[in-house]
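A quick write-up on the structure given underneath.
All of the numbers you see were taken from the coordinates with simple rules; none came from a lab. Since the model is a prediction, treat every value here as computed from it, not as a measurement. FYI the Cβ positions are ideal-geometry reconstructions off the backbone, even for glycines, and counts take in every protein chain you see.
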Amino acid sequence: MKKRLTRAEKRERTYEELISAAEQLFIEQGFHATSVDGIAFEAGYTKGAVYSNFESKEDLFFAVYERRAERAVVEAEQVIGEVGPAAGLERLASDSAFRRGRDDGWLAVFFEFWAHVVRHPELRERFAKVHARALAPFVAATKRLAEGGVRLPADVPGFNAAMFAMVSALTLERLTRPDVVDAALGARMIQFVTEALLRDEGSREERRSR
């Protein structure tokens, strides 16, 4: 006999199915072009079901972003824990480059929503918190490198913001100028910077040992 779901379980299933439907439509259509009606229809619920779980379309996008961020954090922490901070950062950059073509829809809507947030100050704090959560493993790995003696050109949060900004800008360039920026350029730049920092630390250690 099929187990009957409790009210809480039904609500949780509805919540997750709405997020999945929203994610699919946001990726396919973009944030502004996706309607709440469309999300409800895609998930198989009424518009009222959407608003009983989410305050707005923005709230629903945040739920999508938060879920993706948590999954990315688990993956990043696992990789860095296995191979260490320097190799972990390089592997994650390489893995990200490998997925770029499949993630183009998400990247496009992510940048679209980011621009939307800039025009709506009431959304910025929440966006910043989710953004910081997504970058947390990278910040932690970079902090370990700094504590191990690697000299960074900025403080740890600033350095990670600069690296993310570089890769994000390259992604935008690739989406419009793929003949100039290939999918792996961001990964190669991260590797270049990481290796340069480690070489600099190695040179300083060698000079100190003389």
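Compute the semi-axes of the equivalent ellipsoid of segment 1-117, taking the square root of 5 times each eigenvalue of the Cα gyration tensor, and list them largest first in whole Å.
Values: eigenvalues 182, 81, 26 Å².
Output for segment 1-117: semi-axes of 30, 20, 11 Å.
Per residue of the chain, what 222 nm ellipticity follows from adding -39500 (n - 2.57) for every DSSP H run with n ≥ 4, rounded to the nearest 500? After summing the helix terms and dividing by residue count, I get -28500 deg cm²/dmol. The fraction of Cα-Cα pairs per 10 angstrom bin, counted from 0 for the chain, comes to 8, 28, 30, 20, 10, 3, 1, 0 percent, rounded to whole percents.
Report, ordered by chain and residue number, the aspartates and glutamates lying within cross-link reach of Lys129, taken as a straight Cα distance under 17 Å and ignoring same-chain residues fewer than 8 apart. Lys129 reaches Glu58, Asp59, Glu66, Glu70. When both segment 1-50 and segment 170-186 are represented by their alpha-carbon centers, they are found 33 Å apart.
Across the options Ile39, Leu25, Tyr51, the greatest Cα extent toward the positive end of the charge dipole of segment 1-54 (unit charges at beta carbon of Lys, Arg, Asp, Glu) belongs to Tyr51.
In segment 101-181, which trypsin sites (Lys or Arg not before Pro) fall in coil by DSSP and have 16 or fewer other Cβ atoms within 10 Å? Kindly include the intermediate steps, with their values, before the conclusion.
Working: sites: Arg102, Arg119, Arg124, Arg126, Lys129, Arg133, Lys143, Arg144, Arg151, Arg174; in loops: Arg119, Arg151.
Answer in residue order: Arg119, Arg151.
Paramagnetic label reach from Ala169 (point 7 Å along Cα→Cβ; backbone nitrogen cut-off under 20 Å): within segment 106-126, residues 107-108, 110-116, 118.
Charges were assigned to the Cβ only: +1 to each Lys and Arg, -1 to each Asp and Glu. The resulting dipole of the chain about its Cα centre is roughly 440 debye.
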